[in-house]
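Everything on this sheet refers to the single structure shown next.
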Amino acid sequence: KKLVSGLSKTRNNIVESVDNIFSSFSSIDEEFYEELEETLIVSDLGVDTTLKIIENLKEKVKENKVKDPQDVKQLLMEEIKNLLKIEETEYAFENKKSVILVIGVNGVGKTTTIGKLAHQFKQDKKKVILAAADTFRAAAIDQLIEWANRANVEIIAQQANSDPGAVVYDAVAAAKSRKADILICDTAGRLHNKKNLMEELRKINKIIEREYGEVHKETLLVLDSTTGQNALQQAKQFKEIANITGIVLTKLDGTAKGGIAIAIQSELQVPVKYIGVGEGVEDLQKFDAESFVEALFA
Ligand code: GDP
């Protein structure tokens, strides 16, 4: 229920316009497909993804000898679900000693997401440590400390402009001595200087490998869904510099652009693992493609 309510803006946008097409057409012709295509693009599914969906849909309609436009809806939903099927969607960090690097540009909801994750893991009786390795802004460090207090987890932080590698080094030492289950590292997201960012992530990864030994590593990219197609572009840029293992799509509660989740996952072939549906500590959900599509279209 929470999922549907968190997505209500996107849902209202999509359901109404899609249902409109299905009920206003009496036969499945080229014009029908054109309208559907336009609607999906306007709903932020992206051009490439939409074209793929329409192409597959046409085949399915032929194959199944569908005549009534109303019957296309079910096929459309199945097509999108198929498109969202990707192999690596497991949440391995829940069961293994893990380090989660969190990346993303300022303002997307990176700090909030880390706070929410820390809270969830803590609720699951995990020992969590945070590392404030985005040392560029003092305010960001303070904010993360606040979230750590709220979630009641330990945080390793240094002053602004200190070396992110040094913070991670300290955090790994703390994680080892306290036998932490999950170490979550906030890291910089300065996309305008890709080379520096890449170098910084490389250093952090090296320190983790050298100091922490056998540990599961995850890199979560946080994206702001309200920016629609920009989020997709950002994801593509980050994919060039980091080995992203999952995406967190924030602020879905405040936007009608939730369709971007479908575009991002199908175009990048990286699983959306969580969605943010509010500012509160509980407002983070695991992303499930099936129920997401149901919530938006059914
Ligand atoms: P950061 O700069 O990337 O660390 O971004 P913050 O975590 O500080 O978040 C920026 C703003 O977005 C804050 O006002 C958050 O409360 C808000 N925010 C983050 N996630 C969500 C979400 O899922 N839904 C809503 N409505 N707001 C969010």
Among Y91, Y212, which comes first, second and so on when ranked by fewest other beta-carbon atoms within 10 Å? Y91, Y212
Between 0 and 90°, nearest 10: helix 8-24 axis offset from the chain longest Cα axis: 20
Cα-Cα separations in the stretch 1-40 greater than 17 Å, expressed as whole percent: 38
Contour minus end-to-end for N64 and I145, with contour as 0.36 nm per residue of separation and end-to-end as the Cα-Cα distance? 23.5 nm
Can you pull the three principal axis extents for the Cα set of the stretch 146-223, in Å, largest first? 35, 30, 25
Kindly put V105, V153 in sequence by how many other C-beta atoms sit within 10 Å of each C-beta, fewest to most. V105, V153
At q = 0.09, 0.14, 0.16 Å⁻¹, the log10 of I(q)/I(0) for the chain from a Debye sum over equal Cα scatterers comes to -0.47, -0.97, -1.18
Tell me the angle of helix 47-63 to the major Cα principal axis of the chain, expressed in degrees between 0 and 90 and rounded to the nearest ten. 40
Distance cut-off 20 Å, Cα to Cα: go down the list K85/K286; K97/K194; K52/K81; K203/K251 and report the pairs above it. K97/K194; K203/K251
With axes computed from alpha carbons, what is the tilt in degrees of helix 30-42 against the longest principal axis of the chain, rounded to the nearest 10 within 0 to 90? 20
Would you compute, from DSSP H runs of 4+ residues alone, the mean residue ellipticity of the chain at 222 nm, taking -39500 (n - 2.57) per run and dividing by the full residue count, rounded to the nearest 500? -16500 deg cm²/dmol
Within the stretch 160-182, what residues put their amide N at less than 12 Å from the label point 7 Å along the Cα-to-Cβ vector of K203? 161-169
Compute the relative contact order of the stretch 179-298 as a whole-number percentage, counting only Cα pairs closer than 8 Å that sit 6 or more residues apart in sequence. 19
For the stretch 156-269, just the Cα atoms, rotate onto the principal axes and tell me the three extents in Å, largest first. 45, 29, 26
Please list log₁₀ I(q)/I(0) at q = 0.14, 0.15, 0.20 Å⁻¹ for the stretch 27-171, using the Debye equation with identical point scatterers on the alpha-carbon positions. -0.76, -0.80, -1.11
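Taken together, the values in this text are just the output of simple stated rules run on the coordinates, not laboratory data. Being a predicted model, the structure only gives us computed values, none of them experimental. All Cβ positions, even for glycine, are placed from backbone atoms using ideal geometry, and neighbour counts span all protein chains on display.
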